[in-house]
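Please read the structure below before turning to the comments.
Just so it is clear, none of the values below were taken in a lab; they were calculated from the coordinates. Computed from a prediction, not measured in an experiment: that's the story for all the values here. Cβ sites come from the backbone with ideal geometry, for glycine too, and all protein chains shown count toward neighbours.
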Amino acid sequence: MQRRDWLKVVSVAGLAGGVGWAARTLAAAPVPETGAAPAATVASRALDSVVEGYFDDVLDLNPLQGTFLGEAKYDNRLGNPSSEASIAAGMALERQALRAARALDTTGLNNQEALSLQVFLRDRAEAVESTQFPEHLLPVNQMDNLGTTMALFGSGAGPQPFVTLADHEAWLERAWQFPQWAAATQDRLREGVAHGVTQPQQVMKKVAPQWRGLVTTDTSTSLFLRPLQQLPASATGAQRTRLERSYRQLVERGLNPALSGLADYFERDYVPACRTSFGWQALPHGEEWYALRIRQGTTTTLSAKEIHELGLTEVARIEDEMRGVMRDTGFAGDLTAFFRFMQDDPRFYFTRGSDLVAEYGQIKRRIDALLPRLFSLFPKADYEVREVESFRAESSAGGFYQPPSADGTRPGYFYVNTFNLKAQPKFGMETLSLHEAAPGHHFQIALQQELPGLPRFRRYGGYNAYVEGWALYAESIGKELGMFTDPYQWYGRLADEMLRAMRLVVDTGLHSMAWSREQAMQYMATHSSMAASDIEAEVERYIVWPGQALGYKVGQLRIRALRTMAEKALGSRFDVKAFHAEVLRDGSLPLDVLEVKLRRWVASQG
């Protein structure tokens, strides 16, 4: 799943083994039971004022996210998150919201409201803690920058609507604000250089080519003119002529100069000044900063060393299971030879991107038919399989999910990357679909958005270990669902689990043990059959997003442990459909909160 940085995705998870830690952690502040909400009280109205007011302020500072949610009033605003004013406003907002939430009288809150207050307080406290580190001096990387985001919005295939003439006018007004963002971004990057806070030079070399790829000498070929193909049929000739002229002026006088200027600055000034190290420990207060990143990704007190050791253990376990696949398929040779076989044999790869996308459509239909075996709770929104657009394919993940709009007018999208078909093996298709679409991200996120009565920060926010842990858990139940009947597809499932286990090793290796980029890539090549280009993209992702990739495995292990607890406690009374519904019905939660909730649910089944 692509990073959703409009609300920080954080998580609370526990140790990989056992499930008793959360009950001890929350003993002083037990989680209320959820249930039907009574009439609003004075306390509930006060809570609503705080959390909804906070969310409105977040969208005011980040109007692109308002468009993602389908709120049209934001469609003509870009925002400028790199400006000094926006940075200061964001920090002040977090402190103000925390003070206001702490001052609330909780008497009269219903169960769901008390739960919302608990997680809101936790989130705001962590956000305030985060402000001690200069995150704002790293506004750009190869995975996440407003240049490629503008291309997504302005291509006509993203969340920006282009249905009415007013929609087109809103986009033009928004896009003309891009040069201001570009100027503020250069200011922050210069400030970062002055303070020794930069991303690694090797990785930053990949950013400017992304921006140059959006600049065209022939304006008619610009992807920013594609929305003209979506002008409403009711548009008059004069209206069409005026909008065509406006779009061309935007590209020629606004976007092209701003993108070219950013690329020039990057290549001439920024990249040469970037650090040659790769780990976060090389930054000022980097060890403390990375420790916070670990807590944000897993919300455990585990040290980097402990997570590293956990990863090594999981890698060894999964390799043993892979050897079982070798025996089942009759392969003669060791695991390294088996990896080469899976990498090199042409039977495992498509030669046309359209065939890859079409096959994912077939897998969608197959999974949809099987889901009632394990689920009773389904989202109303559907999802579509889409090919990743060419302008961002080279630096994008192999597959990722974009949620549906909140108003139900846009489905979810499962994006498939066809840039390098060697990085898209057929044996990985079932497990990737289970993770990114159903019953993984699409199920969990679409259901969460559809929950009635939840404040928006819960409907649209999330905790990394829960969100990604659930998606990885969704992969793990594939056999139970009726998938993975082909041993090579089961190998694909193990290969994806191996990726998540290797992340524990590589992320901590890079950021606490001074591993080089090449050392990290070599480790992944030794323990997987991943394509070299895919390994490179993964390692460079961990380099610029430290700690984010740690939540997958920790979260999956926690959810599996909770299911095992429920199965043992309930015996023949255990209902897997009811368990899945209970995990999902309140949306993304810190995993310690989820544990207390599930323990109460188990007790109620007696």
Subtracting the Cα-Cα distance of residue 568 and residue 516 from 0.36 nm times their residue separation yields 14.3 nm
Taking r as the C-beta separation of residue 480 and residue 60 and R0 as 45 Å, the FRET efficiency to the nearest 0.05 is 0.50
Taking Cα pairs closer than 8 Å and at least 6 residues apart, the relative contact order of the stretch 160-242 in percent is 46 percent
Residues whose built amide H sits under 5 Å from the amide H of residue 387, excluding neighbours closer than 5 in sequence, are 416
Once amide hydrogens are built 1.01 Å from N within the peptide plane, the residues lying 5 or more places from residue 401 or on another chain with amide H under 5 Å from its amide H are 2, 415
Quick numbers on the stretch 396-546, Rg and Dmax over C-alpha atoms in Å, give 16.6, 49
Of the candidate values [x] 18, 43, 30, 8, 0; [y] 18, 49, 30, 3; [z] 19, 55, 25, 1, the one computed for P(r) over Cα pairs in 20 Å bins from 0, in percent from this structure is [z]
Out of 138, 362, 168 - ranked by how far each Cα lies towards the positive end of the dipole of the chain, with unit charges on the beta-carbon of charged residues - the top one is 362
Everything considered on the Cα gyration tensor (a ≥ b ≥ c; rounded for a/c under 1.5, else prolate if a/b is larger than b/c, else oblate), the stretch 518-584 must be described as prolate
Per the charge dipole of the stretch 137-289 (beta-carbon charges, Lys/Arg positive, Asp/Glu negative, Cα centre), the residue among 210, 223, 262 reaching farthest to the positive end is 223
A chain fully extended from residue 328 to residue 603 at 0.36 nm per residue, minus the present Cα-Cα distance, gains in nm 94.9 nm
Applied in sequence order to the stretch 230-247, the curve 6.51 cos²θ - 1.76 cosθ + 1.60 (Karplus, θ = phi - 60°) yields integer Hz couplings, x standing for Gly and Pro, of 10, 4, x, 4, 6, 5, 7, x, 5, 5, 5, 4, 5, 5, 4, 5, 5, 5
Correct response: the longest run of the chain lacking exposed trypsin sites (Lys or Arg not before Pro), defined by DSSP loop and at most 12 other Cβ within 10 Å, is 1-351
Rounded to one decimal in nm, the spacing of the 7 Å Cα→Cβ label points at residue 125 and residue 362 is 5.3 nm
Using alpha-carbon positions, the gyration tensor of the stretch 393-445 gives root eigenvalues a ≥ b ≥ c; with a/c under 1.5 called rounded, otherwise prolate if a/b exceeds b/c, else oblate, the class is oblate
Diffing the stretch 373-385: the Karplus 3J(HN,Hα) column from phi (6.51, -1.76, 1.60, θ = phi - 60°), in whole Hz with x for Gly and Pro, holds 5, 10, 9, 10, 10, 10, x, 6, 6, 9, 9, 10, 8
Ranked from fewest to most other Cβ atoms within 10 Å of their own Cβ, 535, 543 fall in the order 535, 543
Rounded to the nearest 500, the 222 nm mean residue ellipticity computed for the chain from DSSP H runs (n ≥ 4, each -39500 (n - 2.57)) alone is -17500 deg cm²/dmol
Looks like the stretch 49-191, by Cα gyration tensor root eigenvalues a ≥ b ≥ c and the a/c under 1.5 rounded cutoff (else prolate when a/b is bigger than b/c, oblate otherwise), is oblate
With x for Gly and Pro, the residue-by-residue ³J(HN,Hα) of the stretch 439-449, computed from phi through the Karplus equation 6.51 cos²θ - 1.76 cosθ + 1.60 at θ = phi - 60° and given in whole Hz, is x, x, 4, 4, 4, 5, 6, 5, 4, 4, 5
